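**Student:** I am attaching a structure below and will ask some questions about it afterwards.
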Amino acid sequence: MTVKTIAIAADHGGVELKTAIISALKDRGIEVFDFGTNGSESVDYPDYAHAVAKSIIDGQSEAGILVCGSGIGMSIAANRFPEVRAALAHDRLSAELCRQHNNANVLCLGARIVGDAKALDCVDAFISTEFEGGRHALRVAKMS
């Protein structure tokens, strides 16, 4: 996936990792739309998943990244939108496969599960891996 624009958001559990990801994306020349949050005060993750999904649906962003403590809540919330295929990844292989086989357009990460280095590796795999299409396209189409 060659992306020029990415929407990103985190809840209070993922703020620090979100900041590291934004820096890495900007270093690669990718335009980043940051939908928050930016502090440690408790917030509701579905609100942030909704903001990223809306950015993709409205065409502002080509892809999204969501970060919370486990990545699970963000993944569930983002997948409520038919236009979103959010995938939780814990390592480079899962990030590659979510793109190759599922054409995921949102990467979800758990800040309490993966460290910064592994998360950044997942981001790299997500933004550099292309969808294989073929038999996978038929399966992805069944989810729409």
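The values are calculated or read from the model by the stated rules, or taken from the named source; none is laboratory data. Quantities reported herein were computed from a predicted structural model and do not represent experimental measurements. Neighbour counts are summed over all protein chains in view; Cβ atoms, including those assigned to glycine, are modelled from backbone coordinates with ideal geometry.
**Student:** Quick check on region 75-97. Is at least one of its residues of a type in the set (S, T, N, Q), on the phi < 0 side of the Ramachandran plot and free of Cβ contacts under 8 Å to residues at least 12 places away in the same chain?
**Tutor:** Scanning region 75-97, I find at least one residue that is of a type in the set (S, T, N, Q), on the phi < 0 side of the Ramachandran plot and free of Cβ contacts under 8 Å to residues at least 12 places away in the same chain, so the answer is yes.
**Student:** So which of Ala51, Ala104 ends up being surrounded by fewer than 23 Cβ atoms within 10 Å (Cβ to Cβ), hydrophobic (A, V, I, L, M, F, W, C) and under 20 Å from Thr5 (Cβ atoms)?
**Tutor:** Just a single option satisfies the conditions, and that option is Ala51.
**Student:** Still on this structure: Out of Lys18, Lys54, report the one residue that is among the basic types (Lys, Arg) and either more than 28 Å from Met143 (Cα to Cα) or in contact (Cβ under 8 Å) with a residue 40 or more places away in the chain (or both).
**Tutor:** Lys18
**Student:** Scan Ser61, Ser94, Ser42, Ser23 and give me the residue that is part of a loop (DSSP other than H, G, I, E, B), surrounded by fewer than 22 Cβ atoms within 10 Å (Cβ to Cβ) and among the hydroxyl-bearing types (Ser, Thr, Tyr).
**Tutor:** Values: Ser61 fails: surrounded by fewer than 22 Cβ atoms within 10 Å (Cβ to Cβ); Ser94 fails: part of a loop (DSSP other than H, G, I, E, B); Ser23 fails: part of a loop (DSSP other than H, G, I, E, B).
Going through Ser61, Ser94, Ser42, Ser23 in turn, the sole match is Ser42.
**Student:** Taking the residues in region 109-140 that are of a type in the set (Gly, Ala, Ser), modelled with pLDDT of 85 or more and assigned to a helix (DSSP H, G or I) as candidates, determine which candidate is farthest from the chain's Cα centre (by Cα).
**Tutor:** Ranking the candidates gives Ala117 first.
**Student:** I'm trying to understand the selection: among the residues of region 1-20, which are assigned to a strand (DSSP E or B) and surrounded by fewer than 23 Cβ atoms within 10 Å (Cβ to Cβ)?
**Tutor:** Thr5
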